[in-house]
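Visitor: Quick one: the structure is below, and I'll ask about it shortly.
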Amino acid sequence: MSRLKALAGVSATAVIALVGWSCEANRTALAPSGGGPLFHFQQFECTPLKMTGGGRIDYPPGTRDQNPPASHEYETFGAHVIASGQVDENGRCLADKGALEWVDHRPEMEVDGHPLNLHATEVTFAERATDATCSDGAVHWGGKLRVQNTGQENLDFEVWDCDNGEPGRDDGFAISVPEIGYAVQCWEPDYNTPAEPTCYLTGGNRQFHPTH
Amino acid sequence: MKTDSIRRAVRFMGLVLPLTWAPRAVMAQGTATCSSYGVGVTTATVNQLLASAVVSAGELMAQDQAGDVAVPGLVTAQNVFAIANGGGDDGSDAVSSATLGAVNILNGLITADGVVAMATSTVGDANAQGSSLAHLVVNGVDVDDNPAPNTRMDLDGVGYVVFNEQIRTSTGITVNMIHVVLQEKVLGVTRTTGHIRIGSASAKVS
């Protein structure tokens with residue numbers, strides 16, 4: 001009987017360990033040790049995922065520290081994405097749904113005296129980055145958005161999204177809207193970003209939710 | 001004897017350790033709610049929330065914006081945005097923010113060039129990081145742009161103001177970057193007649 005108990009205990013441990021292992025990111029050792037080429041957000045997998053939250057970035061420079069408030073050099077946002085691991089005929093990872101609300105408060109980005117405001121109208125893809133050093137999860141996702149200030153719409157956008165532990169001070173986020181030449185991305189030569197091209201959050205939190 | 005000890009150790013590992021290795025998603029199940037607004041005014045005759053976003057349990061995101069707003073005689077504010085983010089059906093996180101450009105309260109008694117209120121709550125943590133005030137002036141005098149939480153100043157004939165007001169509970173935090181409490185004195189008794197809140201963000205996870 002005691003042998004059976006011991007066997008059951010070991011089996012349970014093995015099962016739980018396997019489940020935990022199966023939920024871990026499938027990381028590959030591509031992150032450079034410093035000084036070398038940067039390789040984050042280069043390898044992806046289509047897998048069920050969810051990323052939620054919002055925050056603030058003080059870009060430029062996009063470090064952990066807030067810029068002087070009077071400079072108004074910051075961005076605030078809310079964003080989430082959900083995917084179930086589906087793949088389209090071209091091999092692209094499909095998003096089930098998502099949203100992005102982005103406000104750039106920098107004076108130089110103002111449109112007619114108002115902060116630049118980007119609003120996602122469609123989120124089409126989401127892929128989990130397996131090579132980013134984001135401890136809880138990293139996602140590359142995007143779709144179409146509208147510039148609320150001007151009415152320009154159907155613009156492609158993509159974001160790089162990094163949950164690097166709690167409570168969010170080490171998390172990262174980056175966005176690019178190529179058609180209007182807009183990007184908030186941090187490429188630090190000394191590798192001082194959560195995972196390039198993401199910039200540190202100076203407030204808020206990104207939360208990766210394992211969904212399996 | 002030694003074998004028994006090993007067996008006991010194995011049983012312990014098999015039965016107890018797995019409980020500590022529960023997947024994070026299971027451990028983090030909860031309810032997340034959050035809300036934010038740019039301007040909130042409550043008096044005997046006015047009850048207004050301008051740019052208000054509310055996320056209830058199970059929801060993911062809400063946002064609102066009000067552009068430039070005015071509550072005559074009490075507040076004007078520019079470029080008001082409110083964004084609230086929940087965790088959806090596994091509500092383990094909530095983040096909300098309210099941002100404003102130039103703000104003028106009580107006909108110039110208090111002004112600021114920019115306000116950010118940000119509240120974040122996750123399981124076991126809540127904070128107001130990301131919140132800030134820019135070029136804060138009270139009664140014509142520059143005030144520290146980085147006031148400590150719950151910094152109170154009396155306003156002669158008006159009441160008082162609390163900057164960077166942070167109200168913590170067991171489940172989260174509410175931050176009001178500028179909270180004016182309107183008071184009047186009648187027969188020697190002070191009573192509150194209204195509230196003006198500028199930049200309010202709340203996030204709760206339970």
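Visitor: Test each condition in (1) of a type outside the set (Phe, Trp, Tyr); (2) touching a Gly at 6+ places or on another chain (Cβ under 8 Å); (3) closer than 28 Å to B:Met61 by Cβ; (4) free of Cβ contacts under 8 Å to residues at least 60 places away in the same chain for B:Thr192 and report the one that comes out false.
Guide: (3)
Visitor: With the requirement that a residue be among the hydrophobic types (A, V, I, L, M, F, W, C) and surrounded by fewer than 24 Cβ atoms within 10 Å (Cβ to Cβ), what does segment B:83-104 give you?
Guide: Selection gives B:Ala102 alone.
Visitor: Further question: Of A:Ala120, A:Ala95, A:Ala132, which residue is in contact with a Lys or Arg (Cβ under 9 Å, 6 or more places away or on another chain) and under 23 Å from B:Gly91 (Cβ atoms)? I'd like the intermediate steps shown before the answer.
Guide: Details: A:Ala95 fails: in contact with a Lys or Arg (Cβ under 9 Å, 6 or more places away or on another chain); A:Ala132 fails: under 23 Å from B:Gly91 (Cβ atoms).
That would be A:Ala120, the only listed residue that is in contact with a Lys or Arg (Cβ under 9 Å, 6 or more places away or on another chain) and under 23 Å from B:Gly91 (Cβ atoms).
Visitor: Here's another thing I want to ask about it. Taking only segment A:165-182 into account, find how many residues are in contact with a strand residue (DSSP E or B) (Cβ under 9 Å, 6 or more places away or on another chain), more than 13 Å from chain B (Cβ to nearest Cβ) and not aliphatic (A, V, I, L, M).
Guide: 5
Visitor: Here's something else I'd like to know. Taking the condition within 11 Å of another protein chain (Cβ to nearest Cβ), more than 19 Å from B:Ser36 (Cα to Cα), over 11 Å from the mean Cα position of the chain (by Cα) and crowded, with 17+ Cβ neighbours inside 10 Å, does B:Leu136 pass?
Guide: yes
Visitor: Scan A:Thr193, A:Thr124, A:Thr150 and give me the residue that is touching a residue at least 60 places away in the same chain (Cβ under 8 Å), more than 10 Å from the chain's Cα centre (by Cα), more than 18 Å from A:Gly53 (Cα to Cα) and away from chain B (no Cβ under 12 Å).
Guide: The conditions single out A:Thr193.
Visitor: So, in segment B:87-113, how many residues would count as being in a strand (DSSP E or B) and farther than 17 Å from A:His105 by Cα? Show your work before the answer.
Guide: Just the residues of segment B:87-113 that are in a strand (DSSP E or B), to begin with: B:93-100, B:103-105, B:110-112.
Subsequent filtering for residues that are farther than 17 Å from A:His105 by Cα retains B:93-95, B:104-105, B:110-111.
Summing the residues that are in a strand (DSSP E or B) and farther than 17 Å from A:His105 by Cα in segment B:87-113 gives 7.
Visitor: Also, quick follow-up: Condition test on B:Ala94, is it in contact with a Lys or Arg (Cβ under 8 Å, 6 or more places away or on another chain) and at pLDDT 90 or above?
Guide: When the stated conditions are applied, B:Ala94 passes them.
Visitor: Taking B:Ala94, is it hydrophobic (A, V, I, L, M, F, W, C) and touching a Gly at 6+ places or on another chain (Cβ under 7 Å)?
Guide: So B:Ala94 passes the test.
Visitor: Do we have any residue at all in segment A:77-97 that's closer than 17 Å to A:Cys199 by Cα, under 22 Å from the mean Cα position of the chain (by Cα), modelled with pLDDT of 95 or more and aliphatic (A, V, I, L, M)?
Guide: yes
Visitor: Can you confirm whether segment A:53-73 contains a residue that is assigned to a strand (DSSP E or B), out of contact with any helix residue (DSSP H, G or I) (no Cβ under 8 Å at 6 or more places or on another chain) and surrounded by fewer than 16 Cβ atoms within 10 Å (Cβ to Cβ)? Even if it seems obvious, please write down each step before you answer.
Guide: Taking segment A:53-73 as the starting set, the residues that turn out to be assigned to a strand (DSSP E or B) are A:53-57.
Right, trim to out of contact with any helix residue (DSSP H, G or I) (no Cβ under 8 Å at 6 or more places or on another chain) and you get A:53-57.
Now restrict to residues that are surrounded by fewer than 16 Cβ atoms within 10 Å (Cβ to Cβ): none.
So far as segment A:53-73 goes, no, none of its residues is assigned to a strand (DSSP E or B), out of contact with any helix residue (DSSP H, G or I) (no Cβ under 8 Å at 6 or more places or on another chain) and surrounded by fewer than 16 Cβ atoms within 10 Å (Cβ to Cβ).
Visitor: If you don't mind, another one. Name the single residue, out of those in segment A:88-104 being within 14 Å of chain B (Cβ to nearest Cβ) and part of a loop (DSSP other than H, G, I, E, B), that is surrounded by the most Cβ atoms within 10 Å (Cβ to Cβ). Break it down into steps so the answer makes sense when it comes.
Guide: First, the residues of segment A:88-104 that are within 14 Å of chain B (Cβ to nearest Cβ): A:95-104.
Now restrict to residues that are part of a loop (DSSP other than H, G, I, E, B): A:95-96.
Values: A:Ala95: 22, A:Asp96: 15.
Ranking the qualifying residues of segment A:88-104, first place goes to A:Ala95.
Visitor: Do we have B:Val80 as assigned to a strand (DSSP E or B), buried (at least 19 other Cβ atoms within 10 Å of the Cβ) and either among the hydroxyl-bearing types (Ser, Thr, Tyr) or within 10 Å of chain A (Cβ to nearest Cβ) (or both) here?
Guide: The answer is no for B:Val80.
Visitor: When you look at B:Gly130, is it surrounded by fewer than 24 Cβ atoms within 10 Å (Cβ to Cβ), touching a residue at least 24 places away in the same chain (Cβ under 8 Å), in a loop (DSSP other than H, G, I, E, B) and within 13 Å of another protein chain (Cβ to nearest Cβ), yes or no?
Guide: The answer is no for B:Gly130.
Visitor: Continuing with the same structure: In the list B:Val116, B:Val162, which residue meets the criterion of being part of a strand (DSSP E or B), within 14 Å of chain A (Cβ to nearest Cβ), out of contact with any Asp or Glu (no Cβ under 9 Å at 6 or more places or on another chain) and within 26 Å of B:Gln78 (Cα to Cα)? Let's see the steps before the verdict.
Guide: Working: B:Val162 fails: within 14 Å of chain A (Cβ to nearest Cβ).
B:Val116 is the lone residue from the list that is part of a strand (DSSP E or B), within 14 Å of chain A (Cβ to nearest Cβ), out of contact with any Asp or Glu (no Cβ under 9 Å at 6 or more places or on another chain) and within 26 Å of B:Gln78 (Cα to Cα).
Visitor: Being touching a residue at least 24 places away in the same chain (Cβ under 8 Å) and among the charged types (D, E, K, R) is the filter here, so list the residues in segment B:159-183 that pass it.
Guide: Matches in segment B:159-183: B:Arg168 only.
Visitor: Right, here's the next one. Do you know which residues across segment B:66-77 are on the phi > 0 side of the Ramachandran plot and part of a strand (DSSP E or B)? Talk me through it step by step, then tell me what you get.
Guide: Initially, segment B:66-77 is screened for residues on the phi > 0 side of the Ramachandran plot, giving B:67, B:73.
Residue satisfying the conditions is B:Gly67 alone.
The values are calculated or read from the model by the stated rules, or taken from the named source; none is laboratory data. Values in this document were obtained by computation on a predicted structure and should not be read as measured data. Cβ coordinates were reconstructed from backbone atoms using ideal geometry, including for glycine residues, and neighbour counts include every protein chain displayed.
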